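Dropping a structure here in structure tokens format, bear with me for questions.
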Amino acid sequence: MTVNTPLCFRGKKILAPMVRVGTLPMRLLALDYGADIVYCEELIDIKMLQCKRVINGKIYICFICFSFHTEVLETVDFVAPNERVVFRTCERERQRVVFQMGSADAGRALAVAKLVESDVAGIDINMGCPKEYSTKASMGAALLSDPDKIESILTTLVKGICKPVTCKIRILPSVEETVNLVKRIEKTGIAAIAVHGRKKEERPQHPVHCDVIKAISEAVSIPVIANGGSHDFIKEYADIETFQKATAASSVMIARAAMWNPSIFRKEGFCPLKDVMQDYIKYAVRYDNHYTNTKYCLCQMLREQLETTQGKKLHAAQSTQEICEVFEMGDFYEETTTVFEAKKTSLKTKTQDEDDQMEDPDVIKMAVRFDKREYPPQITPKMYLLEWCRKEKYPQPVYETVQRPLDRLFCSVVTVAERKYRSTLWDKSKKLAEQAAAIVCLRTLGVPEGKLCEGENHLINKRKRQDQERLINRDHGEDLAEPSHKKTNFIEETSDVNVPKM
């Protein structure tokens, strides 16, 4: 059993949040080399709120109690509607990863924090990014000019979640302004503050302002995390302490020096870059990192070697397999992917077998799918089933739908007159699965389902009559307002026509 220990921000060496760099392979590698805490790359609140949380694991579905029984394999994924994995994490880092988000709204920030809270060790708000894509949306460094909004976001998070909350800022034009802002931030109850010792208009080639970070460290009681020392101070492990002393900070956060070689966190000194890159690739393959992200991070490590033969091959690589071949890891890729495919096939087979064993034998099943091309516009099997239940004076059909995390497909069971019906085929969306269940029920009952091939469609005729009655009433100046319950029913009946994009 994992003990959930609150994160401490004193005396720590921390991997900084870096866009495109701070993905799972880099975070795990930094932990391997000695980092105490790792921050993920900044992820925007609006994009995260579109995601669904998916456990990458085996699933048993019990149709008796209609519940999930899962055995976690490796990761928890937050997946966008286009199936792209926006954030991926695993048990190895759960007690030490801080989720950094870009947000300019307290409500959205809290919603995202609640979404990821159980899978991370802390939540951070980015208040230092000077890039236009962030500041245009009033996020990042733009927040520094709006202390009220800063206070609102941080206070909301501190009160709304159980995990520690931090923020990362840049310094303001004067020491006094910066210290005053940090004191106000401290009062929100956050656990620590990371300070990049440059102003928002300054870039890495500008000297880091250690004196300002030191003034902040001496002015507040919460831990201050010094950031921005890669150019001027941190060339090797021993320099981390030098930077910490120069800023009087509680901890040090490292960005570019770690991006170039994450073994900067290693007490014993750097590992050969070739070994570091191969270790990174192993994690990238193991956790199915997208090849473009893997390539980007490896290019940051190669730096001046990008013009070598190996660097040019890396730049030309168009897949994870090709990247592995560049670094003489083709055999590793083949072995790993073979194991994964075998495991995936085995899990699918076993999952289906166990689903079949655990199903309620009284559920009536057919192998059917809903294809809306076979039905008139605005007409669906669910509408026909609802109409039939009303005519026979049965309760409204009840749909219970589950999603299988292994492949994210859906299956639905509909209960009508105390009998259950479902399709044995899994569908891409909840609505498609429900329509399939309705078809099974209608076909079992011998009731028309509204297909074009069935001839005259009484629901269409009913709609036409209703439209004609409305036109007649309108001509006579009668009030066309319908009772609220009728409007609600109409929405429920027609809402299933618009099948979501796949």
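The values are calculated or read from the model by the stated rules, or taken from the named source; none is laboratory data. Predicted model, so just to flag it, every value in this text is computed and none were measured. Note that each Cβ is placed from the backbone with ideal geometry, even for glycine, and that neighbours are counted across all protein chains shown. Heads up: the accessible areas ignore ligands, DNA and RNA and are worked out on the full protein's heavy atoms, side chains in. Shrake-Rupley method; radii C 1.70, N 1.55, O 1.52, S 1.80 Å.
Within the range 380-438, how many residues are surrounded by fewer than 16 Cβ atoms within 10 Å (Cβ to Cβ), in a strand (DSSP E or B) and either at pLDDT below 95 or more than 36 Å from the chain's Cα centre (by Cα) (or both)?
2
Criterion first (within 16 Å of M127 (Cβ to Cβ) and modelled with pLDDT under 95) does E201 satisfy it?
Criteria met by E201.
May I ask you to say which residue of C167, C162 is out of contact with any Pro (no Cβ under 7 Å at 6 or more places or on another chain) and either loosely packed, with under 15 Cβ neighbours inside 10 Å or modelled with pLDDT under 95 (or both)?
None of the others qualify; the one that does is C162.
Looking only at the range 191-211, filter to residues that are of a type in the set (V, I, T) and open to solvent by less than 10 Å² (accessible area, probe 1.4 Å); which one of those is nearest to A142 (Cα to Cα)?
Result: V195.
Still on this structure: Of the numbered conditions (1) under 26 Å from A219 (Cβ atoms); (2) part of a helix (DSSP H, G or I), L115 fails exactly one; give the number of that condition.
(1)
Looking at A255, A249, can you tell me which residue is touching a Leu at 6+ places or on another chain (Cβ under 9 Å), hydrophobic (A, V, I, L, M, F, W, C) and at pLDDT 95 or above?
A255
Also, quick follow-up: Is it the case that some residue within the range 310-321 is assigned to a helix (DSSP H, G or I), open to solvent by less than 20 Å² (accessible area, probe 1.4 Å), under 27 Å from H196 (Cα atoms) and not aromatic (F, W, Y)?
no
A further question follows. Quick test of your reading of the structure: S145 fulfils all but one of (1) out of contact with any strand residue (DSSP E or B) (no Cβ under 8 Å at 6 or more places or on another chain); (2) open to solvent by less than 50 Å² (accessible area, probe 1.4 Å). Name the failing condition by number.
Checking S145 against (1) out of contact with any strand residue (DSSP E or B) (no Cβ under 8 Å at 6 or more places or on another chain); (2) open to solvent by less than 50 Å² (accessible area, probe 1.4 Å), the one that fails is (2).
Output the residues belonging to the range 215-261 that are touching a Gly at 6+ places or on another chain (Cβ under 9 Å), farther than 22 Å from C297 by Cβ and among the aromatic types (F, W, Y).
F243
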